[in-house]
Amino acid sequence: NILLVSLDKTEYNLVRRCTSAHEVWKLLILTHHEGEQVKNAKLALLNRDYELFKMQPNESINNLCNRLLDI
């Protein structure tokens, strides 16, 4: 029960059909386990997004801040 209430909606939908805590745990580990190559690729993409970040035409400051926080 503790595992299920601590999950966000996406993760909950992923594990909702599991019948035991062990199944939930194994599935979450498989889902979130990434190799070093994947981590480096994600970091490179985030770095590129940050470097190319600029305000879009007709974009509000609030939307600009939200996009920056997403990065």
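The values are calculated or read from the model by the stated rules, or taken from the named source; none is laboratory data. Note that the structure is predicted; figures quoted are calculated from it, not measured. Here the Cβ is made from the backbone with ideal geometry for all residues, glycine too, and neighbour counts use every protein chain on show. Accessible surface is based on the protein model in full, side chains and every heavy atom, while ligands, DNA and RNA are left aside. Shrake-Rupley method; radii C 1.70, N 1.55, O 1.52, S 1.80 Å.
Structure above, values below:
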item: Output for region 28-54, where each listed residue is touching a helix residue (DSSP H, G or I) at 6+ places or on another chain (Cβ under 7 Å) and not aromatic (F, W, Y); result: L28, T31
item: Residue within region 2-17 that is in contact with a Lys or Arg (Cβ under 9 Å, 6 or more places away or on another chain) and at pLDDT below 85 present; result: yes
item: Any helices (runs of 4 or more DSSP H) falling wholly within the chain and containing at least 3 residues that are open to solvent by 100 Å² or more (accessible area, probe 1.4 Å), out of contact with any Asp or Glu (no Cβ under 8 Å at 6 or more places or on another chain) and without any contact (Cβ under 8 Å) to a residue 40 or more places away in the chain; result: 21-32, 36-51, 61-70
